[in-house]
1. For 153, 126, 44, which order do you get if you count the other beta carbons within 10 Å of each Cβ and list the fewest first?
2. Per 10 Å bin, what percent of the C-alpha pairs of segment 40-88 does each bin hold, from zero upward?
3. Just report the Cα centroid separation between segment 134-151 and segment 32-65, whole Å.
4. Mind putting together the pair-distance distribution for the chain? All Cα pairs, 5 Å bins, whole percent per bin, short to long.
5. Rg and Dmax of segment 106-175, Cα atoms, in Å?
6. Determine, at each q value in 0.12 (inverse angstroms), the log₁₀ of I(q)/I(0) that the Debye formula gives when each Cα of segment 40-130 is one equal point scatterer.
7. At R0 = 25 Å, how high is the FRET efficiency between residue 129 and residue 79 if r is their beta carbon distance? Nearest 0.05 is fine.
8. Got a sec? How would 157, 93 order by Cβ neighbour count within 10 Å, fewest to most?
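Each value in this text was obtained by applying a stated rule to the coordinates, not by laboratory testing. Note that the coordinates shown come from a computational prediction; the quantities given were computed from them, not determined experimentally. Here the Cβ positions follow ideal geometry from the backbone for every residue, glycine too, while neighbour counts run over all protein chains shown.
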């Protein structure tokens, strides 16, 4: 049943991505050539191609998801479009990435469903560079919920509210 649900969601996202290209949100996140980007909860890989093209050969895109079908979908996209700078991670929370190795984390449309949101935010804080950005969007949450949930542990502070996503700056991890 879970596979059917994923496939139905992937189909609806294809329609969404056609009507509203993901490259618009990627621009707002401030991603640049050479950046290392983590797409946390990557789903079917809606952002992978756009991010891969922006970061270029000197950059890296890590696409993480708990769902094996999502990871397989990203692998197929990367293979089809010859995206050699894309790496997939199958995980429910831990990234396996080194401390302070990521410039931007994309956390889109997944936060409301996380089992351990605080643990995920701690992990994202750990892997983000000192001046790293958490780009966040979740249409299941209201603005005050987003800001409160992301900033309440003092791991991130609001940088700006964009048209499509919120940008948060990494704060020093509390000892």
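1. Going from sparsest to densest Cβ surroundings: 153, 126, 44.
2. Bins of 10 Å from zero give 32, 59, 10 percent of pairs.
3. 21 Å
4. 1, 9, 18, 23, 23, 16, 8, 2, 0
5. That works out to 11.0, 34 Å for Rg and Dmax.
6. Taken in order of the listed q values, log10 I(q)/I(0) reads -0.34.
7. Between residue 129 and residue 79 the formula returns 0.30.
8. The most exposed by this proxy come first: 157, 93.
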